[in-house]
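Report on the structure given below.
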Amino acid sequence: MSDRPAVRVRPAGQQDVRIVWEWANDPGTREHSFDPRPITWDAHHTWWDRQAADPLTTMWIGEVDDERFGFVRFEGDMIVGFISVNVAPDHRSKGLGSALIAGACDADGRNTTALVLPANERSIHAFERASFRREPVDPIPVFGTAALRLVRTRRSAQR
Ligand SMILES: CC(C)(COP(=O)(O)OP(=O)(O)OC[C@H]1O[C@@H](n2cnc3c(N)ncnc32)[C@H](O)[C@@H]1OP(=O)(O)O)[C@@H](O)C(=O)NCCC(=O)NCCS
């Protein structure tokens, strides 16, 4: 039996634009992002509309006890999705992030790649708990920063 918290994963919508922006600007989020600069409301809104219109991008909200606690986005092509995830600051390190990642990957349906800053150990653990496996390759450059690559295939998730 799974020991993950029971989270609900649903598609993100217009009602989530603001809370996702607030979570994105949390200093602990910016610190672990490839571009650590704060995000303006206008830039976020423009970004959101572009994501929502892209057929190869999916966006998800995690809820627990009817409260929103996190956001996941996938972008990529028909075969592989690149994941980004953010959990609300007061909900971190409770097992919710890994449950959200697993649920969103199942909902998205693609094989998934995560690019993570090597110092972000909590994120690496959360992905591993969600059936991602670290690729045995040197860190690859993303926007000039070395990143670890973790991969979750539909097959590995069933093991
Ligand atoms: C990364 C993030 C999504 C993980 O979600 P979370 O709900 O905090 O993670 P979980 O509680 O599900 O799992 C965290 C795991 O890391 C471990 N962990 C927590 N803090 C840690 C630390 N400082 N160092 C190493 N491991 C740590 C936990 O013990 C847990 O492992 P376990 O399940 O084997 O016990 C969330 O912390 C977050 O949004 N952080 C800020 C943004 C970010 O880093 N996004 C990811 C960018 S790639």
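ARG30 fulfils the conditions (1) in contact (Cβ under 8 Å) with a residue 60 or more places away in the chain; (2) near the ligand (Cβ under 9 Å from one of its atoms) except for a single criterion, (1).
Please specify each residue of region 119-159 satisfying the condition of being open to solvent by less than 60 Å² (accessible area, probe 1.4 Å) and farther than 23 Å from PRO11 by Cα.
Residues satisfying the conditions are ASN120, ILE124, ILE140, VAL142, THR145, ALA146, ALA147, LEU148, LEU150, SER156.
Which of (1) on the phi > 0 side of the Ramachandran plot; (2) touching a residue at least 24 places away in the same chain (Cβ under 8 Å) does ASP65 not meet, given it meets every other one? For ASP65, the exception is condition (2). Return the residues of region 43-73 that are in contact with a Ser or Thr (Cβ under 7 Å, 6 or more places away or on another chain) and either assigned to a loop (DSSP other than H, G, I, E, B) or open to solvent by 50 Å² or more (accessible area, probe 1.4 Å) (or both); say none if nothing qualifies. Result: no residue meets the conditions.
Filtered by the rule that a residue be farther than 24 Å from LYS94 by Cα and in contact (Cβ under 8 Å) with a residue 24 or more places away in the chain, region 118-150 gives ILE140, VAL142, PHE143, THR145, ALA146, ALA147. Within region 83-94, is there a residue that is touching a helix residue (DSSP H, G or I) at 6+ places or on another chain (Cβ under 8 Å), surrounded by fewer than 20 Cβ atoms within 10 Å (Cβ to Cβ) and at positive phi? The answer is yes; a qualifying residue exists. Against the conditions (1) more than 12 Å from the ligand (Cβ to nearest atom); (2) out of contact with any Phe, Trp or Tyr (no Cβ under 7 Å at 6 or more places or on another chain); (3) open to solvent by less than 40 Å² (accessible area, probe 1.4 Å), ALA12 satisfies every one except (2).
Exactly one residue out of GLU121, GLU128 is over 14 Å from the mean Cα position of the chain (by Cα) and farther than 26 Å from ARG50 by Cβ: that is GLU121.
Residues being of a type in the set (A, V, I, L, M), surrounded by 14 or more Cβ atoms within 10 Å (Cβ to Cβ) and not in a loop (DSSP other than H, G, I, E, B) are entirely absent from region 35-42.
The values are calculated or read from the model by the stated rules, or taken from the named source; none is laboratory data. What you see is a predicted model; the values in this text were computed from it and never measured. For neighbour counting, all protein chains shown are included, and Cβ atoms are generated from backbone atoms with ideal geometry for every residue, glycine included. Only protein heavy atoms, including side chains, enter the accessible area calculation; ligands, DNA and RNA are left aside. Shrake-Rupley method; radii C 1.70, N 1.55, O 1.52, S 1.80 Å.
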